[in-house]
1. Restricting the range 338-353 to residues that are within 30 Å of residue 469 (Cα to Cα) and open to solvent by 30 Å² or more (accessible area, probe 1.4 Å), which is modelled with the highest pLDDT?
2. Please list, ordered by first then second residue, the pairs with beta carbon atoms under 8 Å, 6 or more apart or interchain, first in the range 567-586 and buried (at least 16 other Cβ atoms within 10 Å of the Cβ), second assigned to a loop (DSSP other than H, G, I, E, B).
3. Name the pairs: first residue in the range 757-785 and more than 23 Å from residue 810 (Cβ to Cβ), second residue of a type in the set (S, T, N, Q) and part of a helix (DSSP H, G or I), Cβ to Cβ under 9 Å, at least 6 apart or on different chains?
4. Pick out, from the range 109-202, the strands (runs of 3 or more DSSP E) lying fully within it that include 1 or more residues that are charged (D, E, K, R) and within 15 Å of residue 217 (Cα to Cα).
5. Can you spot a residue in the range 743-751 that is farther than 28 Å from residue 511 by Cβ, assigned to a loop (DSSP other than H, G, I, E, B) and at pLDDT below 90?
6. Out of (1) under 19 Å from residue 711 (Cα atoms); (2) modelled with pLDDT of 90 or more, what's the single condition that is false for residue 617?
7. Please go through the range 454-473 and pick out each residue that is among the charged types (D, E, K, R) and either at pLDDT 75 or above or in contact with a Leu (Cβ under 7 Å, 6 or more places away or on another chain) (or both).
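The values are calculated or read from the model by the stated rules, or taken from the named source; none is laboratory data. Since we're looking at a predicted model, the values are computed, not measured. Don't worry about glycine lacking a Cβ; one is built from the backbone with ideal geometry, like all the others, and counts go over all protein chains shown. Ligands, DNA and RNA are excluded from the accessible area calculation, which covers all protein heavy atoms including side chains. Shrake-Rupley method; radii C 1.70, N 1.55, O 1.52, S 1.80 Å.
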Amino acid sequence: MSPLEAVTPPNQIAFDFMVESEMNPLLPGPLAAATGGGDKGVRGLTSAVSVVLALGSIVIALAASSASTPILLTALSLLAVVGTFFLFGMLAGHVRIGARVTGADIAEVVTNTFDDGVLVTRRDGTTVYHNHTIAEFTGRTASGEAASLDAAFGAEPLAREALFRLSRAAERGDRRREEIRLPAIGGGLVRVLSIETRPFGSAASRGEGPLTLWTISDVTEARLREAAALRAIETTLTHYETAPIGIVSADYDGTIRHINATASRWLGFNGQGRDARPLRLADILSHDAVALLDGTRRDANPPEQIALDIDATRSDGRLMPARLIARTRADNGWLLVLDNLEHIDGNNSEAEPGEMRFARFFQTAPFGIASVSSDGRITSANSAFARLMLDASIGVNKQAIDVLCRSADKLTRASVDDSLKQVLSGKASPQPIEISVGGEREREQVRRVFMSPLAADGQAREAAMLYVIDATEQKALEAQFAQSSKMEAVGKLAGGIAHDFNNVLTAIIGFSDLLLQTHRTTDPAYKDIKNIQSSAYRAASMVRQLLSFSRRQTLQAVPLQLDEVVAENASMLRTSIGEKIAMKIQPSRDLWYVSVDKTEFVRVLVNLSVNARDAMLDGGALTIRTANVTERDSQRLALDAMPVGEYVVIEVEDTGSGMPADVLDKIFEPFFTTKDIGKGTGLGLSTVYGIVKQSGGFIYADSVVGRGTTFRVYLPRYTPENDEEVAAVKEKKPEMSADLTGHGRVLLVEDEDVVRAFAVRALKRQGYEVLEASTGLEALDLMAANEGLIDIVVSDVVMPEMDGPTMFKEMRAKNPGIKVIFVSGYPNEAFRESLGSDDFAFLPKPFSLPQLAAKVKEELAK
């Protein structure tokens, strides 16, 4: 029995009465032999016919006999019973007329029609079944059976190795596929056979153990077709790589996916950009050319292709004149064609070199160039013009007036229109026109446009030329210079008057202290003296504000964390803004240190908070937040005048009325205020500006009318040299001493008589012996006359004949250990560098009697 033959179910009875192997086309000879057809079927048919004829003869004989009636009826009844049995058996499927046909028989017939060889083996390699096609691959043995695979293909070493791997896979029950190459029968082309093994099992394999199904296919034609296709692709790629033009395929983001050998040879790139990163369009094209391609893609009606004469960039930085043709790919990319223009021979053509030079100049010029026809349309434009005026779109065939005045007001548009009409008529253009460009969300930029006629009658195809330069930076520098000049002038004025004004205030405050010591609090004059002193202190505060604005006050910078400063002064800030305003503090984790004057920085916080309070008359919210700003973050911010670096930012945000743009531009100017007369000096924000600037920081304001204002202060990050530096700042506390008396000889040098008189009386009251001098020369004479008897020198800085720093150098040359206190309305930084020493004390004017006495006592105690 064939191993593929299905097992007959036990409840089925088969009656082989007739086999139609010779008549039924569905049962060919091989299948008839496998299922009991042929002679066996004929013999079954003959036996059945003989039985029928015998029974018929008996029936006829009985019918002819006179005594046949009972017998005949009995025979007919018996035949009826038998007929009924066969009828029900056929209907139920238990009785069949003809030969039995199984699924295995049909499978065998089908496999013999395959073009592929089919072989079933046991795990030990014994053949169980094979179809007829196997012999076409393996050949036949002397007995007519199909030869084994080893005998057929084992002569070829590679084939033998492949069969070994397949046999091992069959033994393990694994699936495997191999291709073997064999010499074709009779010579000629090589045959390629694909042999595959897979585990096999079915009902027919019961008792046979695990089986393996082998299939053998001839894939020679398929491999020949693949080889032909590969050769065609290689030929195409060869033409592509060796084409006399450069071909570049790039994505819209600028990444180059492929560059042919010609372009690589011209440009010196081998598929990688500088620093071993992927090659990009920016490596081989100028910034303007890349921007033009990007703008063309975003254009509402992009052209099918772009043609430009450019200078491509080689890997060594040298330029290569080239003509660029760009087309968009269907898969969201660019197909670029580069034609090297260096091969043009100037000896053979006089026109081409000139045209090439002009084209290169036109396209690679760093300023915008566009030609305009007599009807006012742009006929050509270089990439710089597209970048400066058209957001990198092409702009050809657009009206020049629409391109130049996209966001201009009516007055500017009318002026540009008049100038265009003038140059298109052949007349020279007047002065260049400045145009502002940029959308609502973009920063306003300024373009300066020059117009020049090309034809006297204005009738040529190209009647005028437009030249555009970017004047944004120049205008910003002009505004910055004007602002700096104004600030510098005010600063010099403030610094100039501060010295004299502080002398006056020092006298007022000092003599007020002396008077207060001689009056009781119950005296009627005591309150008047206090009012005088309070006004003097207020005037001194205004002078400090002017000095802060002019960046001339003395700062005692120390390492601080701004979060700590805000937390320490939160209660005071809440009190200053009132109960109607809610204050929120949002500190940052791990905030960096900054180096600032703590007192001055608190003034910054107070001024910004009070300014926010005045903008929220009906109440609101004040938010103070801090954060670190990394170098990358500062680069993304791209703020004016602020270099890239690491900063700490503190933001003061309010929900007030906000400010319009014209007010926002002037808020840091001194004496500028929007408050009513008598309610503001206009020095608050200018003081903040000066303190931030003198601390090396930057301040910016953003405001929206009706929504509020945000001030952002950026201070440079400070890295303490060691932990002790920070600890010393945190442990340092102001020392207050009620006892200001002392003893010793003091040399007081002051050119202002009133200030000198107050200081002498103040020191003598505290127990000191005081020597007076009005100039530096007089002080040196007193020092020489009292050699070794003077304990400390208190001197002004700015004096006639000899100033304080010069006197200091002369004294230290003869008395290196002499102690010196400088008093001045100028900051000590103004003369510290000229002294070349930090070995002196400083007391800023105006000062009070207790401050002077405390400073002298402090220095003598050292």
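1. Result: 339.
2. Here the result reads 581/616; 581/619, each pair linking the range 567-586 to a residue that is assigned to a loop (DSSP other than H, G, I, E, B).
3. So the pair list comes out as 758/506; 765/517.
4. 176-183, 190-200
5. No, the range 743-751 has no match at all.
6. The single condition residue 617 does not satisfy is (2).
7. Hits for the range 454-473 are 462, 470, 473.
One line per residue, one yes/no per condition, for (1) acidic (Asp, Glu); (2) open to solvent by 70 Å² or more (accessible area, probe 1.4 Å):
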| residue | (1), (2) |
| --- | --- |
| 739 | yes, yes |
| 751 | yes, no |
| 755 | no, no |
| 766 | no, no |
| 778 | yes, yes |
| 800 | no, no |
| 808 | no, no |
| 816 | no, yes |
| 823 | no, no |
